[in-house]
Amino acid sequence: MTKEGARYLCLHLTAHLPFVRHAERAGRPEEGWLQEAVAFSFLPLLRALDRLADDGVRFRLSLALSPPLVAMLRQDLLVRRCARALERHCEVADREVRRTRRDPALHPLAVHYRDEARSLSALFSERYRRDLVGAFRRLQDAGLVEIATSAATHAFLPLLAAQPEAVRAQVAVAVSHYRRHFGREPPGFWLPECGHYPGVGELLAESGLRYFFVDAHGVGDATPRPRYGVFAPISAGGAAAFGRDPESSAALWGSDRGYPRDPAYRDFYRDIGWDLEWREVEGALRPGGRRNLGIKYFANGGGSVYDPRRGAKRAEEHAARFLADRNRQLAHLSARMAGASPVVVAPCDAELFGHWWYEGPRFLESLLRGAASDPALRLATPSDYLAENPEVQLATPPFCSWGGGGYAGAWLDGSNDWIWRHLHQAAGRMAALATDFAEPDPLLRRALEQAAREVLLAQSSDWAFMLRAGTSVDYAIRRIREHLLRFARLHDQIRAQRVDPAELARVESADDLFPEIDYRAFRRRP
Amino acid sequence: MPRDPRTLFFYWDHAPGSFAAARAGLDGARAELWLFERGDAGGFERCRATAVALESGSHYLHDLRPGRTYRAELRLAGRSGESHLLGPPSGEVTLPPLGPSSEVADAFARFPGDTRPPPGAAGSPFPEELRSELARLSDWSRFPDEVRGSSAGGMGGRPAPSSGTTGEEGR
């Protein structure tokens with residue numbers, strides 16, 4: 001039944017990291033991405049959400065966890081390394097307490113970080129027993145969080161559109177991976193980088209996925225022109241597209257006027273890993289060299305020392321302001337939607353909360369607490385909205401994304417365009433293998449499965465992004481080459497039906513995600 | 001491949017043999033990328049011929065028309081105007097539109113399940129001024145100074161990883 005006039009706020013977090021696992025050597029800086037995300041985003045977020053749950057707050061939040069992230073969070077080796085990184089963080093914080101003991105301005109903050117480091121380490125090992133996927137799953141099973149999936153390796157799908165088998169495989173592998181880890185069907189899909197092209201909605205609907213997200217112009221430029229702008233979803237090929245609201249997104253993400261720039265908040269960039277003399281942090285930085293250590297003494301906008309209490313208070317003020325602004329916005333919209341129910345959709349990178357915006361988890365906790373008891377609006381996931389508002393306008397969003405100028409510029413320019421011919425060729429050859437080898441023997445099947453993994457790993461949007469951003473360029477090139485070369489060797493061995501078991505075992509060991517993979521996801525359709 | 005509403009990216013690979021075959025009989029052959037645009041009547045017409053360096057293996061074509069469908073051919077052209085196709089033509093690619101659609105046809109389906117509107121599902125009339133206002137409120141142009149966000153360049157961007165340096169140099 002349609003609840004006319006109800007007003008909805010949909011907060012959506014999306015969490016992704018590329019699959020990085022180097023069993024051969026601990027301490028690779030790229031593995032630090034996961035360790036930083038765990039320590040500074042996922043643990044603080046889970047702590048905030050569990051505090052709400054423990055207090056009996058009935059909130060609703062949607063969250064996409066990308067398959068590579070889930071896979072890494074469930075890998076014993078990487079989880080052990082995360083635990084060790086948390087211990088090292090405690091050691092660094094202890095050292096800072098000692099180093100600042102005669103500095104009355106910094107010492108209290110060093111003590112704060114030491115306590116925080118110990119709290120996070122204990123959370124990881126004791127409350128969550130090193131299983132953050134399980135912690136998120138429990139929140140979903142409790143009816144508080146709705147977890148969506150994303151493309152198997154976070155491929156930027158619009159640039160794979162010419163290879164529909166590749167897109168189908170990205171979706172199908174993600175869905176089966178989700179079932180394995182969450183014990184149910186995924187309700188929706190985070191299009192990596194909100195990358196949409198006409199036709200992808202049909203592929204998602206084929207796999208039972210009910211919704212996805214696009215940036216504002218994905219709805220604004222849809223055909224035919226939608227009636228309600230981004231304030232109601234549109235149905236594109238059988239899946240619902242929810243449009244990102246610019247107003248709420250600007251408040252959270254705006255580069256100049258967004259909340260995280262407030263002078264009461266911590267300055268992300270003033271980290272002791274960069275600020276201190278080498279001799280003072282050498283022990284923490286070896287191996288790997290200069291990097292963020294997660295201890296930052298200064299507030300935004302100048303040289304004033306950061307005050308966590310002031311930051312927390314401002315986060316609560318911002319949460320109250322955000323909620324008041326959404327109520328005002330929704331009331332304005334409701335009066336203009338002729339009885340239809342407006343929804344304001346605010347999708348964000350999960351790493352914004354905690355990692356980039358230290359006070360973000362406090363903001364989110366305060367916002368969810370306030371919104372859950374606000375009679376004027378409803379916190380809702382996309383599934384909640386669709387269940388209560390099943391009449392959806394038919395319209396097709398265009399080719400679009402939420403970065404790179406709104407289209408594909410971030411993943412296709414002079415720095416990274418060379419990769420696409422190789423990715424397309426590999427996807428085409430994988431589709432041919434999957435089509436030609438219907439009944440392989442067990443060894444050949446393993447080779448086909450690993451070939452599929454290698455193609456998927458090469459397609460990760462992160463590599464193209466790094467090439468363009470100029471960060472970790474050598475690593476990105478190495479990863480693309482490695483996966484494509486491994487695929488090429490497997491391809492030739494499969495075609496010749498002479499698979500080298502020892503080589504296959506080595507590659508399986510190196511790239512050991514998606515144990516449930518079915519290479520037939522790449523099969524060509526008649 | 002479409003890059004944005006006005007830009008297409010083409011890449012090509014060809015065997016030396018196909019180059020030699022295409023060059024046969026041509027005087028002073030040079031490579032050209034021919035672009036064809038689908039007209040309103042449905043047929044394709046050539047709209048551009050751009051000299052390209054074959055060795056580069058790729059080329060961007062800029063300043064195209066948003067929302068239009070294109071295909072391309074890589075050709076070797078001789079001085080006399082004759083040309084030979086080098087490799088197969090590209091597939092058809094449609095550039096994304098830029099700005100709101102001129103098509104207004106409100107049709108609603110019941111979700112999930114319906115992918116086409118059931119009979120009589122056109123919805124009641126909706127005032128154009130409200131549609132325009134809701135579109136304006138949906139538009140990023142109200143926030144001209146703000147980065148859009150996203151992991152592709154906004155505040156939520158991927159953490160800049162270590163450069164792997166081991167010395168004392170800072171950022």
Number of positions in the range A:52-84 that are under 21 Å from residue A:187 (Cα atoms) and either free of Cβ contacts under 8 Å to residues at least 40 places away in the same chain or hydroxyl-bearing (Ser, Thr, Tyr) (or both) | 2
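Against the condition buried (at least 23 other Cβ atoms within 10 Å of the Cβ), more than 9 Å from every other protein chain (Cβ to nearest Cβ) and at pLDDT 95 or above, how does residue A:427 come out, does it pass? Spell out the reasoning first.
Numbers: buried (at least 23 other Cβ atoms within 10 Å of the Cβ): yes; more than 9 Å from every other protein chain (Cβ to nearest Cβ): yes; at pLDDT 95 or above: yes.
Taking the combined requirement at face value, the residue satisfies it.
Please enumerate the residues belonging to the range A:255-278 that are within 24 Å of the chain's Cα centre (by Cα), under 24 Å from residue A:295 (Cα atoms) and in a loop (DSSP other than H, G, I, E, B).
A:255, A:256, A:258, A:265, A:267, A:268, A:269
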Failed criterion for residue A:266 (all others in (1) facing another protein chain (nearest Cβ under 9 Å); (2) closer than 30 Å to residue A:301 by Cα; (3) among the basic types (Lys, Arg) hold) = (1)
Top-ranked residue in the range A:480-514 [being free of Cβ contacts under 8 Å to residues at least 60 places away in the same chain and within 28 Å of the chain's Cα centre (by Cα); ranked as surrounded by the most Cβ atoms within 10 Å (Cβ to Cβ)] | A:483
Residues of the range A:282-299 satisfying the condition of being facing chain B (nearest Cβ under 10 Å) and aliphatic (A, V, I, L, M) = A:285
Restricting the range B:87-104 to residues that are surrounded by fewer than 16 Cβ atoms within 10 Å (Cβ to Cβ) and more than 8 Å from chain A (Cβ to nearest Cβ), which is farthest from residue B:13 (Cα to Cα)?
-> B:92
Within the range B:96-111, identify whether any single residue is closer than 29 Å to residue A:217 by Cα, at pLDDT 95 or above and among the basic types (Lys, Arg), and answer yes or no.
-> no
Tell me the helices (runs of 4 or more DSSP H) entirely within the range A:133-235 that contain at least 3 residues that are within 20 Å of residue B:112 (Cβ to Cβ).
-> A:164-182, A:200-206
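Within the range A:305-416, which helices (runs of 4 or more DSSP H) (wholly inside it) include 2 or more residues that are hydroxyl-bearing (Ser, Thr, Tyr) and either in contact with a helix residue (DSSP H, G or I) (Cβ under 6 Å, 6 or more places away or on another chain) or within 26 Å of residue A:147 (Cα to Cα) (or both)? Lay out the reasoning, then the answer.
Values: elements: A:308-334, A:360-372, A:382-388.
Filter on the range A:305-416 gives A:382-388.
Residue A:273 - would you say it is of a type outside the set (Val, Ile, Thr), crowded, with 20+ Cβ neighbours inside 10 Å, free of Cβ contacts under 8 Å to residues at least 60 places away in the same chain and facing chain B (nearest Cβ under 8 Å)?
When the stated conditions are applied, residue A:273 does not pass them.
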Flagged in the range B:55-86 as exposed (fewer than 15 other Cβ atoms within 10 Å of the Cβ) and at pLDDT below 95, in numbering order, are B:55, B:56, B:79, B:80, B:81, B:82, B:85
Candidate set: the range A:390-424, residues that are polar (S, T, N, Q) and more than 8 Å from chain B (Cβ to nearest Cβ); chosen: the one farthest from residue A:162 (Cα to Cα) = A:415
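Please enumerate the residues belonging to the range A:205-230 that are among the polar types (S, T, N, Q) and under 24 Å from residue A:405 (Cα atoms). Write out each step before concluding.
Looking only at the range A:205-230, we keep the residues that are among the polar types (S, T, N, Q), and these are A:207, A:223.
If the condition is that a residue be among the polar types (S, T, N, Q) and under 24 Å from residue A:405 (Cα atoms), then A:223 is the only one that fits.
In this structure, does residue A:408 turn out to be touching a strand residue (DSSP E or B) at 6+ places or on another chain (Cβ under 8 Å), under 30 Å from residue A:261 (Cβ atoms) and surrounded by 18 or more Cβ atoms within 10 Å (Cβ to Cβ)? Talk me through it step by step, then tell me what you get.
Numbers: touching a strand residue (DSSP E or B) at 6+ places or on another chain (Cβ under 8 Å): yes; under 30 Å from residue A:261 (Cβ atoms): yes; surrounded by 18 or more Cβ atoms within 10 Å (Cβ to Cβ): yes.
Judged against the criteria, residue A:408 is a match.
The values are calculated or read from the model by the stated rules, or taken from the named source; none is laboratory data. Predicted, not measured: the structure shown is a model, and the values here were computed from it. Using ideal geometry, Cβ is built from the backbone for each residue, glycine included, and neighbour counts are taken over all protein chains shown.
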